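One structure below.
The values are calculated or read from the model by the stated rules, or taken from the named source; none is laboratory data. Model, not experiment: these values are computed from the prediction. A quick note on method: Cβ atoms are made from the backbone with ideal geometry, for glycine too, and the neighbour counts reach across all protein chains shown. The protein model used for the area step is the full one, side chains on, heavy atoms only, and it has no ligands, DNA or RNA in it. Shrake-Rupley method; radii C 1.70, N 1.55, O 1.52, S 1.80 Å.
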Amino acid sequence: MASKTNAMRILDREKVAYTIREYPLNGPVAAVDVAAYFGQPANRLFKTLVTTDNNRGYYVFCLPGDHELDLKKGAALVGAKKIEMLKQKDLLGLTGYVHGGCSPVGMKKVFPTVVDESALEWETIYVSGGKIGMQVEIDPRSLEKLVDAKFASVTKE
């Protein structure tokens, strides 16, 4: 098995049950393709997106791999006038994670986090394990407690 990521160390420390799911580094890239690799529906694999209000406010959204973030809904949920996707070049410095391997668990700082409410339809969901090629399967309620997330509808209709 691969070495532990920061996300997995935190899951272990907090005694949160999870299962590591690995996929080949030269394999799928998009969330829908990673879900297909695992034989799972795309709406069970949650991608982690980081946004900014361009005023030093940063917000994390976890949503099904086959959906898009509704920036207006997201802004309203976090109390910002407007948010936009964080520039890819700023992701590593802010979160400690690279694009394609960004986990909602174990970022350098805890940011306001919203998980799409559809996560509650599943006993477990898949989120990034903290590096490309690795997902962790976790109970959405455990994720909620771990990152102090709230559940709400954040996807485009």
Expected single match for crowded, with 17+ Cβ neighbours inside 10 Å and among the aliphatic types (A, V, I, L, M) among Ala76, Ala7 is Ala7
Could you pull out the residue among Asn54, Asn26, Asn43 that is within 15 Å of the chain's Cα centre (by Cα), of a type in the set (S, T, N, Q) and not in a strand (DSSP E or B)?
-> Asn43
Within region 32-55, track down each residue that is of a type outside the set (Asp, Glu), touching a strand residue (DSSP E or B) at 6+ places or on another chain (Cβ under 9 Å) and closer than 22 Å to Leu94 by Cα.
-> Phe46, Lys47, Thr48, Leu49, Val50, Thr51, Thr52, Asn54
Selected residue (criterion: farthest from Met134 (Cα to Cα)) from residues of region 19-43 that are in contact with a Gly (Cβ under 8 Å, 6 or more places away or on another chain) and among the β-branched types (Val, Ile, Thr) | Val32
Within region 1-23, the residues that are charged (D, E, K, R), outside any loop (DSSP other than H, G, I, E, B) and over 24 Å from Ser118 (Cα atoms) are Arg9, Asp12, Arg13
Note: among Ile132, Ile138, Ile125, just one is under 13 Å from the mean Cα position of the chain (by Cα), over 19 Å from Met85 (Cα atoms) and modelled with pLDDT under 95, namely Ile132
Can you work out which of the residues in region 97-122 that are hydrophobic (A, V, I, L, M, F, W, C) and at pLDDT below 95 is nearest to Ala30 (Cα to Cα)?
-> Val98
Specify which of the listed residues (Val32, Val60) is hydrophobic (A, V, I, L, M, F, W, C) and farther than 22 Å from Val110 by Cβ.
-> Val32
Entirely in region 58-153, the helices (runs of 4 or more DSSP H) that have 1 or more residues that are within 17 Å of Ile20 (Cβ to Cβ) | 140-147
Yes/no for Lys150 being in contact (Cβ under 8 Å) with a residue 40 or more places away in the chain, open to solvent by 70 Å² or more (accessible area, probe 1.4 Å) and not hydroxyl-bearing (Ser, Thr, Tyr) = yes
Within region 62-114, work out how many residues are within 13 Å of the chain's Cα centre (by Cα) and of a type in the set (Gly, Ala, Ser).
-> 5
Residue in region 13-70 that is most open to solvent (accessible area, probe 1.4 Å), counting only those that are of a type in the set (Lys, Arg) and closer than 20 Å to Gly96 by Cβ = Arg56
